[in-house]
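Student: Could you have a look at this structure, given as structure tokens, before my questions?
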Amino acid sequence: MRRTAGLLFVFAAAVLLVCAGAATAQNPAHNHIGHVMDAWRDTPEGVGLLPAAIAEAQVAARHAELAASDTGNLDNIKRHTAHVLHAIDPEQIENGPGAGYGVKQGAAGAAQHINAAAGAEGASDAVKTHANHVATSANNTVARVDQMVSLAQRIASSSSASDAGTLVTQLNELAQALLAGVDANGDGRVGWQQGEGGLTVAETHANLMKQAEGL
């Protein structure tokens, strides 16, 4: 009798696993949401694309602040600017305190996969709505990274602290906006819209999406 009950339990567990797998296969949108928030194959420690971008942005913001802390010290500006550059786009510079993945790669990947979630067969209205918010904020971040790369390159070629100091102030403002975004329209809040949201806004809307989907 115990043997029969045990076999029935094992069979029931196997059926649940099969059903769970089938449910996932039937909702490819959830797979892409997982790539954005939970796990991706080439990120540091296999985390999601958005967490990878956020971790690198935290490094960039910290070193941009250090670079801008003494605008009269050219060596300090250049040293920490190089650290910022590595964190946002390690293809530009090989060594630095970042994880070697880069804000740009993580944010661009998050935008790509969240748009794929919205376009997947069976995607809900909640996925489609929040995917737009996540992707817009992630793409805002990519645009800021591109501006930062240009500024970092100009700082690297600067021969005076006065020239570099003006540039590093701009670099720091953009670095802080990687996470927080900016209130571009002056309405007292940072939304997800183009030119506003950063990675924190993207994360908020991605979590709202997961909650709506029961993930």
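Just so you know, all these numbers are worked out from the coordinates, no wet-lab data involved. These numbers were taken from a predicted model, which means no experiment stands behind them. Every residue, glycine among them, receives a Cβ derived from its backbone with ideal geometry; neighbour counts consider all protein chains shown.
Student: Specify the angular offset, from 0 to 90 degrees and rounded to the nearest 10, of the alpha carbon long axis of helix 28-37 from the longest principal axis of the alpha carbons in the chain.
Tutor: Taking Cα atoms only, the helix is inclined about 40 degrees.
Student: How big is the charge dipole of the chain about its Cα centre, in debye rounded to the nearest 20, if each Lys and Arg gets +1 on its Cβ and each Asp and Glu gets -1 on its Cβ?
Tutor: Using only the charged Cβ atoms, the result is roughly 700 debye.
Student: Quick one: if you stick a label point 7 Å off each Cα along the C-beta vector at ARG41 and ARG189, how many nm between them?
Tutor: About 4.0 nm, to one decimal.
Student: Scan (1) 31, 24, 20; (2) 42, 19, 12; (3) 25, 21, 16 for the value of semi-axes √(5λ) of the Cα gyration tensor in Å calculated from this model and give just the label.
Tutor: Read-out taken from this structure: (2).
Student: Taking the simple approach of a point 7 Å from Cα along Cα-to-Cβ for both GLN170 and ASN73, what is their distance in nm?
Tutor: Simple spin-label model gives 2.4 nm for this pair.
Student: Follow-up question, since we're still on this one. How much length, in nm to one decimal, is gained on full extension between GLN147 and GLU65, taken as 0.36 nm per residue of separation minus their Cα-Cα distance?
Tutor: In short, 27.9 nm is gained.
Student: If you rank ILE54, ILE77, ILE88, ILE114 by fewest surrounding Cβ atoms within 10 Å, what's the result?
Tutor: Ranked by crowding around the Cβ, least crowded first: ILE54, ILE77, ILE114, ILE88.
Student: Nearest 0.05, what FRET efficiency do GLN112 and SER160 give at R0 = 30 Å with Cβ-Cβ as r?
Tutor: Here the calculated transfer efficiency is 0.15.
Student: Calculate how steeply helix 125-156 sits against the longest principal axis of the alpha-carbon atoms of the chain, using the helix alpha-carbon long axis, and give the answer as 0 to 90 degrees to the nearest 10.
Tutor: On a 0 to 90 degree scale, this one is about 30.
Student: So what is the 222 nm mean residue ellipticity for the chain from helices alone, if each DSSP H run of at least 4 adds -39500 (n - 2.57) and you divide by all residues, rounding to the nearest 500 deg cm²/dmol?
Tutor: -24500 deg cm²/dmol
Student: In degrees between 0 and 90, to the nearest 10, how far off the longest principal axis of the chain does helix 49-67 point, with axes built from Cα atoms?
Tutor: Helix 49-67 and the main axis of the chain meet at about 20 degrees.
Student: Okay, moving on. Take the alpha-carbon centre of segment 54-96, take the same for segment 111-128, and report the distance between them in whole Å.
Tutor: Cα centroid of segment 54-96 versus Cα centroid of segment 111-128: 34 Å apart.
Student: Give me the one-decimal nm value for the distance between modelled label points at THR200 and VAL182, 7 Å along each residue's Cα-to-Cβ direction.
Tutor: The modelled label-to-label distance comes out at 1.6 nm.
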